[in-house]
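Have a look at the structure below before the remarks.
The values are calculated or read from the model by the stated rules, or taken from the named source; none is laboratory data. This structure is a prediction, so every number in the text was calculated from the model and none was measured. Glycine gets a Cβ as well: all are built from the backbone with ideal geometry, and neighbour counts include every protein chain shown.
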Amino acid sequence: MPEFRYVTLDVFTDRPFGGNQLAVFPDASGIPEAALLDITREFNYSETTFCYPPADKAHAARVRIFTPGAEVPFAGHPTVGTAIALHALGAAPESEAKLILEEGVGPVPVAVRGGRAAPFAKFSVAKLPEIGTPVPTRNTLAEILSLTPDDIVGGTSAPQAVSCGLPFVIVGVKSIKALSAARVRMDRWDDTLRTSPARDLFVFAADAEAGATHYRARCFVPGFAVLEDPATGSANACFAGFLAARSHDRDGTLSWTVTQGVEMGRPSRIEIDADKANGAITDIRVGGHAVFVMEGSIRIP
C-alpha cells in the first residue's frame, strides 16, 4: 500500500495552535485523482494542498488546493503555508527566496523569509481586484448574519463583492461587538447567496484600540463547506483591494493589519498591502508567519 508524506502547519500565526491549519503534500505525483478530496476530508482542515512538478521548470511547484467541499483555483493561507513548507524542505531553508507557485488562478509569486522559529511569506495576487455582481441589500445581509441593518456599514463603504481569483462579499460592521455577535443563518444564506457567484462573506470592523490601520475580521465560507475560517488570505486580498479603492491616496503603498479567528479560539495576524499609481491599484500582497506542527505519511488503498 503506497504511502505519501505530508506536513502540517498553522498559518498566519507565530505560535502553534493558532492561525489556520494546513496540510501540505510536497510530492503528490502518485496520489490517485479520486483520493484527493477524500484525503482533504480526512484532515478536515479548511484546505489541503497537493504539490506536483511545475509546467515551468523555473517555478517551485504546481499546487492544487482543496477544501472539504471542492477544489479551488486560489487561496491565501495555502499559498503562504505551501511556500514556507517547500522552502523549508529545500536546500537552503534559513535563506530568503522568491518562489512561484502554479495555481489554478495562474502563477503566484511568493517571497519567503526562512528560519526555524516562525518563517514568513508574502504573496502577490495573480489577479488584481475585480468588482463582482451586485450583493444583497443591507437588510438581507443583516438577516444572513443574525445582525440588524443598523449594524451594517453603508455609504461609500457599503457591502461589495470583490474577487482576486476567488470572490467574497465584503461586509463592514460598525463595531467589534457586532462582529463577534455575527452568526450565519443557513436558511437565509440558502435563499440568497448559495447560487450567487460571490457566496462567501468576509465581515470586518475597525479596531481603533489597536491602531488606525488595524481591523478585526471573520470569514464565513459555507459555499466550500467551511462555516467559518480562522484566517483567509484570499479574502484579505479582496479586502486590501476594497480598502485601497476607497483610500484618497493615489500613489504609494498602503498597509494594514487584520486579526481574524479570535472568535474561533485561533487568533491569526495577516499583513496586507496595496500599491497604487495614479489612483489605480497595481499590486496586492498578503503575508504572515507559519509554524510547523506535524509530519507523517498517509496510506492510500
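Name the single residue that is nearest to ARG299 (Cα to Cα) among those in the stretch 1-57 being in a loop (DSSP other than H, G, I, E, B) and among the β-branched types (Val, Ile, Thr).
If we filter the stretch 1-57 for residues that are in a loop (DSSP other than H, G, I, E, B), which is where we start, we get 1-2, 12-19, 26-32, 44-46, 53-57.
Filter once more, keeping what is among the β-branched types (Val, Ile, Thr): 13, 31.
Working: THR13: 30, ILE31: 10 Å.
Residue satisfying both the conditions and the ranking: ILE31.
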Next item on the list: Specify the residue that is nearest to THR133 (Cα to Cα); the eligible residues are those in the stretch 198-224 that are among the acidic types (Asp, Glu) and part of a loop (DSSP other than H, G, I, E, B).
Entry: ASP200
Item checked: Any chance GLU47 is within 21 Å of the chain's Cα centre (by Cα), charged (D, E, K, R), surrounded by fewer than 19 Cβ atoms within 10 Å (Cβ to Cβ) and modelled with pLDDT of 95 or more -> no
Notebook entry, point to check: Does any residue of the stretch 154-163 turn out to be closer than 19 Å to ARG285 by Cβ and not assigned by TED's automatic domain parsing to the domain that holds PHE25?
Noted result: yes
Check: Just for the stretch 223-235: of the residues that are under 17 Å from GLU263 (Cα atoms) and of a type outside the set (A, V, I, L, M, F, W, C), which one is surrounded by the fewest Cβ atoms within 10 Å (Cβ to Cβ)?
Finding: GLU228
Next item on the list: Taking only the stretch 225-284 into account, find how many residues are more than 25 Å from GLY104 (Cβ to Cβ), hydroxyl-bearing (Ser, Thr, Tyr) and not in a strand (DSSP E or B).
Entry: 1
Margin query: When you scan the stretch 215-231, do you find a residue that is farther than 21 Å from VAL11 by Cβ, touching a Ser or Thr at 6+ places or on another chain (Cβ under 8 Å) and in the same structural domain as LEU141 (by TED's automatic domain parsing), even just one?
Written below: no
Check: Taking the stated definitions as given, is ARG62 out of contact with any helix residue (DSSP H, G or I) (no Cβ under 9 Å at 6 or more places or on another chain), surrounded by 15 or more Cβ atoms within 10 Å (Cβ to Cβ) and in contact (Cβ under 8 Å) with a residue 24 or more places away in the chain?
Finding: yes
Notebook entry, point to check: touching a helix residue (DSSP H, G or I) at 6+ places or on another chain (Cβ under 8 Å), surrounded by fewer than 23 Cβ atoms within 10 Å (Cβ to Cβ) and either hydroxyl-bearing (Ser, Thr, Tyr) or over 22 Å from PRO230 (Cβ atoms) (or both) - does that describe any residue in the stretch 66-88?
Noted result: yes
